[in-house]
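Below is one structure, written out as structure tokens; comments come after it.
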Amino acid sequence: GITNAVTATVRVPMNIAFVKYWGKADERRMLPLNDSVSANLDDLYAESTIILTTDAEADGVIVNEVPMPVGEGTRFAKVFAEFRRMIAGTDHAQAKILVVSTTSFPVKAGLASSAAGFAAIAYGLGKVGELNDAQVARLARLGSGSACRSLYPGFVHWDSSKTGDEDTFVVPVESGIEFASTLFAAVFVIDNKQKTVGSSEGMKRSVQTSNFLKYRVQEVVPHHVNLIKEAVSTADFITFADVTMRESNSLHAVCLDSLPPLSYLNETSFAMINAVHDFNSTPAGVTAAYTFDAGPNAVVLAQLTNAQRLISHFSRLPWAKFVFETKDEQLKEVLNVQE
Ligand code: PMV
């Protein structure tokens, strides 16, 4: 049995970026080349129980009942080493770290990277180790860069100019909780195979070989960050949708500009993109936006007021199998019938 232990259980959602993180300025510290802006998808979450105990022989991590490698060179080892530096000198500094995590979505579905999992581990370590927000965000970032954005509700801005260890580098966007509460997200599982080139490897290739990446980092992203922050704070869905779709396309353009090219989108992804533009060319105007990460699956955002119209539009597409995310209970019931 485990004695002399301290434990915490936490739940942290995955986030989806509207201004995309693509490229590291510092791989060891996991500092990004550019800012990004995201919001959490609350229904897709990871739950972690963290145990610090002097009774265990070694650190251990179990994700969805599968033991994970935690040896030197793994991200877990990196996060645990940094955590131990943070709590040096306390009662628990000598303890082993045990983590048991489950995700509300299949990790293999390529829906979320390991980001939600690392955010939950960081958050849990923050509780047992009594860490401050900046330390928790830094642990999450070490696990999976984008994980640091899951720690706050609503829209979140990851500021690449804040590089110091004590810096607050993730900040909520003004009116971000209010605007997020007017939206819903449909996640289209287009392909549930694991991605071919992981995001870290992909980013590295783009940083080394893409010329367009430089223009994106210097000109495109700063402009998009300003536009989207303004759109969120004024609840301007049209600008939000415009930036979101351009950002996704810009990321995948950089991927194709890399050598050898990275192609994460497939034919169905492009059919999805066209379906959203068709939906937006009715007299109702721009009422939906798509976004794709390092894989073919689509996340489509719309305002709750347009949910029914969007569902009937996409139900006509035979390949459109979707998982919904919404805080609206009434809508949830309708959506579940459709699934
Ligand atoms: O957290 P990582 O290192 O897996 O990077 C995520 C990169 C994208 O999902 C493609 C973009 C983003 O900002 O989330």
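Data for the structure
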read-out: Gly154 being surrounded by fewer than 21 Cβ atoms within 10 Å (Cβ to Cβ) and away from the ligand (no atom under 11 Å from the Cβ); value: yes
read-out: Residue in region 217-230 that is within 30 Å of His313 (Cα to Cα), touching a residue at least 40 places away in the same chain (Cβ under 8 Å), touching a strand residue (DSSP E or B) at 6+ places or on another chain (Cβ under 8 Å) and away from the ligand (no atom under 16 Å from the Cβ) present; value: no
read-out: Complete set of residues in region 36-51 that are at pLDDT 95 or above and surrounded by 21 or more Cβ atoms within 10 Å (Cβ to Cβ); value: Ser36, Val37, Ser38, Ala39, Ser48, Ile50, Ile51
read-out: Filter result for Gly143 (buried (at least 16 other Cβ atoms within 10 Å of the Cβ), within 16 Å of the ligand (Cβ to nearest atom) and touching a residue at least 12 places away in the same chain (Cβ under 8 Å)); value: yes
read-out: Strands (runs of 3 or more DSSP E) contained entirely in region 1-74, each with at least 2 residues that are at negative phi, touching a residue at least 40 places away in the same chain (Cβ under 8 Å) and not assigned by TED's automatic domain parsing to the domain that holds Asn297; value: 5-19, 24-26, 36-53, 60-63
read-out: Flag for Asp133 being within 19 Å of the chain's Cα centre (by Cα), away from the ligand (no atom under 16 Å from the Cβ) and loosely packed, with under 15 Cβ neighbours inside 10 Å; value: yes
read-out: Yes/no for Ser233 being surrounded by 17 or more Cβ atoms within 10 Å (Cβ to Cβ) and among the small types (Gly, Ala, Ser); value: no
read-out: Selection count where residues are away from the ligand (no atom under 14 Å from the Cβ) and at pLDDT 95 or above, scope region 188-209; value: 2
read-out: Any hit, region 277-292, residues being assigned by TED's automatic domain parsing to the domain that holds Thr239, at pLDDT 80 or above, surrounded by 13 or more Cβ atoms within 10 Å (Cβ to Cβ) and charged (D, E, K, R); value: no
read-out: Those residues of region 261-313 which are closer than 17 Å to Arg246 by Cα, among the charged types (D, E, K, R) and in a helix (DSSP H, G or I), in sequence order; value: Asp278
read-out: Subset of region 166-187 that is among the acidic types (Asp, Glu) and surrounded by fewer than 15 Cβ atoms within 10 Å (Cβ to Cβ) - its residue that is nearest to the ligand (Cβ to nearest atom); value: Asp167
read-out: Residue within region 222-230 that is crowded, with 23+ Cβ neighbours inside 10 Å, farther than 30 Å from Thr305 by Cβ and not small (Gly, Ala, Ser) present; value: no
read-out: Residues being part of a helix (DSSP H, G or I), more than 21 Å from the chain's Cα centre (by Cα) and of a type in the set (A, V, I, L, M) - total across region 78-88; value: 2
read-out: Odd one out for Val99, checked against (1) closer than 26 Å to Ile190 by Cα; (2) away from the ligand (no atom under 14 Å from the Cβ); (3) at pLDDT 95 or above; value: (1)
read-out: Matching residues, region 1-35, being more than 11 Å from the ligand (Cβ to nearest atom) and buried (at least 24 other Cβ atoms within 10 Å of the Cβ); value: Val12
read-out: The lone exception for Cys148 - which of (1) away from the ligand (no atom under 16 Å from the Cβ); (2) free of Cβ contacts under 8 Å to residues at least 40 places away in the same chain; (3) not basic (Lys, Arg) it fails; value: (1)
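The values are calculated or read from the model by the stated rules, or taken from the named source; none is laboratory data. Since the structure is predicted, the reported quantities are computational estimates derived from the model, not experimental observations. Neighbour counts are summed over all protein chains in view; Cβ atoms, including those assigned to glycine, are modelled from backbone coordinates with ideal geometry.
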